[in-house]
Amino acid sequence: MNIATVELFVIEMPLKSPFVTHLGAVTVREGIIVKVTDQDGCSGYGEGVAFSTPWYTEETVKTSMHMLTDLLIPLLQHNPIQHPQQAAERFRSVRRNYMAKAALETALWDLYAKNKSQPLAKLLGGERAVIASGVVIATDSIINALKQIDSYMEEGYQRFKVKINPQHDITLLKEIRRHFPEIPLMADANSSYTLQDIDRLKSLDEFQLLMIEQPLGVDDIIKHAALQKELQTPICLDESIVTFEDAKNAIDLGSCKVISIKAGRVGGLYEAKRIHDYCFQQHIPVWCGGMIEFGISRAHNIALASLPGFTIPGDISASSRFWEEDIISPEVTVKNGVVEVPTESGIGFCINEKRLNETIKAKKVFTF
Ligand code: OSB
Ligand code: MG
């Protein structure tokens, strides 16, 4: 891979409506777009999915920019790589900082696939022509949750996820089940419970949730194993799984029955695929998580979710779920509950340059 330049763009866009969890509200999304261009003028794109503040993981836009600028991009300069996997392996000399790594690594995958004239989905081993689409409802108002479910049902979404916490769970789920007894429903706790809440968590079994996502500590796998033994509802881990080893340990210990895979959370597509492959072999279903992302990361998610082990609809919604206008063209759309996997090479979407330019706050260029 003959890299000529790497460009970083810090971008910012308001959400159509606030995304509310017990950890706070996201109203404006900052992100990083990585553009890697080779000596033939071909470009690959990646997206850094860390937030402005460290509410979901420890990374932020600023820490990602530091890692990319001062450590990760220099690891590629003067020492070319042949394949994106080599970048993933080389980045192991930098501890953690998975979202920063994924921003650059995913751009390399797009470029590599384009150079091979192959859809990224195919290159990763994807087999699906379409992927099932789910959507997240993140509001502290029960009325709004019901209204949102109603309108997302009309848009055809196949699976609904609500954010819960010990102050906002039983009443919310009761009301949802009263209005929508049959919908495929799950709940994401974003680590808001402890083992002391075990009776409360057990009482959620009556709502026939597909799964409960990350009920306990962000880096716990031990207590989740104890909890899973007591719950009928399958536990899905999100925050706790940041490496292949975490996924293996969680499965071996019985800490979860499902895993949400996010390329950003695990350092890129190479690690995401390794986790997928292990889960597939162990008959642990996986689904692709979301990060309130822009179109580039969304496109990478679509490619990843085309792999055979992604048997549960993920948090891959339409561009219009969050944005007035996305930075890719065409935008991601959901029709009859599915998103089409592009057949063009790379991520299979073009950049909406006009929209991207409107959103850029800062820019850095690195020449090789
Ligand atoms: O916990 O899955 C999560 C968004 C940002 C950070 C963490 C999470 C989420 C979501 C997915 O719930 C939202 C989406 O992009 O659809
Ligand atoms: Mg989650």
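The values are calculated or read from the model by the stated rules, or taken from the named source; none is laboratory data. Nothing here was measured: the structure is a model prediction, and the numbers come from that model. Note: ideal-geometry Cβ built from the backbone for every residue, glycine included; neighbour counts use all protein chains shown.
Any residue that is farther than 23 Å from Gly24 by Cα, away from ligand 1 (no atom under 16 Å from the Cβ), modelled with pLDDT of 95 or more and surrounded by fewer than 21 Cβ atoms within 10 Å (Cβ to Cβ) - is there at least one of those in the range 157-173?
No, there is no match, as no residue in the range 157-173 is farther than 23 Å from Gly24 by Cα, away from ligand 1 (no atom under 16 Å from the Cβ), modelled with pLDDT of 95 or more and surrounded by fewer than 21 Cβ atoms within 10 Å (Cβ to Cβ).
Out of the residues in the range 126-143 that are within 11 Å of ligand 1 (Cβ to nearest atom) and assigned to a strand (DSSP E or B), which is farthest from Gly24 (Cα to Cα)?
Among those that are within 11 Å of ligand 1 (Cβ to nearest atom) and assigned to a strand (DSSP E or B), it is Ser133.
Determine, yes or no, whether Pro184 is of a type outside the set (D, E, K, R) and more than 12 Å from ligand 2 (Cβ to nearest atom).
yes
Determine whether Ser260 is at positive phi, modelled with pLDDT of 95 or more and not in a helix (DSSP H, G or I).
No; evaluated as a whole, the condition is false for this residue.
Checking Arg177 against (1) within 16 Å of ligand 2 (Cβ to nearest atom); (2) in a helix (DSSP H, G or I); (3) charged (D, E, K, R), which test does it fail?
Condition (1) is where Arg177 drops out.
Could you please find all residues in the range 283-327 being β-branched (Val, Ile, Thr) and either surrounded by 24 or more Cβ atoms within 10 Å (Cβ to Cβ) or within 16 Å of ligand 2 (Cβ to nearest atom) (or both)?
Val286, Ile292, Ile296, Ile302, Ile312, Ile316, Ile327, listed by residue number.
Could you tell me how many of the residues in the range 269-319 are part of a helix (DSSP H, G or I) and hydroxyl-bearing (Ser, Thr, Tyr)?
The total comes to 4.
Of everything in the range 10-25, what is part of a strand (DSSP E or B) and surrounded by fewer than 21 Cβ atoms within 10 Å (Cβ to Cβ)? Give them in sequence order.
Val10, Glu12, Met13, Pro14, Leu15, Lys16, Ser17, Pro18, Phe19, Val20, Gly24, Ala25
What do you reckon, is Glu182 over 29 Å from Thr333 (Cβ atoms), at pLDDT 95 or above and loosely packed, with under 14 Cβ neighbours inside 10 Å?
no
Among the residues of the range 335-351, what is the count of those that are more than 17 Å from the chain's Cα centre (by Cα) and in a loop (DSSP other than H, G, I, E, B)?
8
Return the residues of the range 196-229 that are more than 16 Å from ligand 2 (Cβ to nearest atom), farther than 18 Å from Lys257 by Cβ and not small (Gly, Ala, Ser); say none if nothing qualifies.
Gln196, Asp197, Asp199, Arg200, Glu206
Looking at (1) over 28 Å from Ser52 (Cα atoms); (2) surrounded by fewer than 18 Cβ atoms within 10 Å (Cβ to Cβ), which one does Thr243 not meet, given that it meets all the others?
Single failed check for Thr243: (1).
Pick from Leu146, Leu111, Leu123: which is in a helix (DSSP H, G or I), of a type outside the set (Phe, Trp, Tyr) and surrounded by 21 or more Cβ atoms within 10 Å (Cβ to Cβ)?
Testing whether each residue is in a helix (DSSP H, G or I), of a type outside the set (Phe, Trp, Tyr) and surrounded by 21 or more Cβ atoms within 10 Å (Cβ to Cβ) leaves just Leu111.
Can you pull out every residue in the range 305-340 that is among the charged types (D, E, K, R) and farther than 23 Å from Leu185 by Cβ?
Answer for the range 305-340, where residues must be among the charged types (D, E, K, R) and farther than 23 Å from Leu185 by Cβ: Glu324, Glu325, Asp326, Glu331, Glu340.
Looking only at the range 183-230, filter to residues that are assigned to a helix (DSSP H, G or I) and either without any contact (Cβ under 8 Å) to a residue 24 or more places away in the chain or within 16 Å of ligand 1 (Cβ to nearest atom) (or both); which one of those is farthest from Pro285 (Cα to Cα)?
In this case the residue turns out to be Gln196.
Scan the range 282-301 for residues that are more than 9 Å from ligand 1 (Cβ to nearest atom), among the hydrophobic types (A, V, I, L, M, F, W, C) and in contact with a helix residue (DSSP H, G or I) (Cβ under 7 Å, 6 or more places away or on another chain) and jot them down.
Answer for the range 282-301, where residues must be more than 9 Å from ligand 1 (Cβ to nearest atom), among the hydrophobic types (A, V, I, L, M, F, W, C) and in contact with a helix residue (DSSP H, G or I) (Cβ under 7 Å, 6 or more places away or on another chain): Ile284, Val286, Cys288.
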